[in-house]
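This report concerns only the one structure given below.
Since every read-out is calculated from the coordinates, none of them should be taken as a lab result. The shown structure was predicted, so the numbers you read here are calculated from the model rather than taken from an experiment. Counting neighbours? That spans all protein chains shown, and the Cβs are built from the backbone with ideal geometry, glycine included.
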Amino acid sequence: MHRAFDTAGALIGVLLSALLLWWLTGTPQQTAGVPENLLETPGWVYRVIFGIGAVRGLGSFFLTFFVRESDSSDVKTPAARTGLFTLPGSYWSVLGVLVLFSLANSINTFLLLRRLV
């Protein structure tokens with residue numbers, strides 16, 4: 001549930017920013033036929049968008065002070081594992097795949113560096 005709300009908030013934030021940018025800079029129909037030098041976006045537009053984002057962020061920060069923790073007596077805590085090799089096998093398989101893809105991607109990096117030199 002937490003991840004769903006986090007993703008929904010990120011999506012709404014991006015859509016709100018895009019809508020504000022589109023609305024404050026003028027729709028494509030309003031800018032048709034206008035010379036290119038007049039189409040520059042004024043700085044106040046970005047300040048308004050970042051200001052709205054900052055207010056929303058501060059609002060969510062202050063709302064966290066009203067959240068109360070649930071009673072932890074009902075939750076069973078798993079036994080603590082110690083050591084590096086006591087991690088589950090799924091961790092090591094994912095790590096292996098990530099290392100494999102990282103090595104494959106490093107070859108592309110070396111090709112790009114060779115092209116630049």
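Numbers for the structure displayed
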| item | result |
| --- | --- |
| Charge context of Ala10, other residues only, Cβ under 15 angstrom, K/R +1, D/E -1 | +1 |
| Förster radius 30 Å - calculated FRET efficiency between Arg68 and Leu24 (Cβ-Cβ, nearest 0.05) | 0.15 |
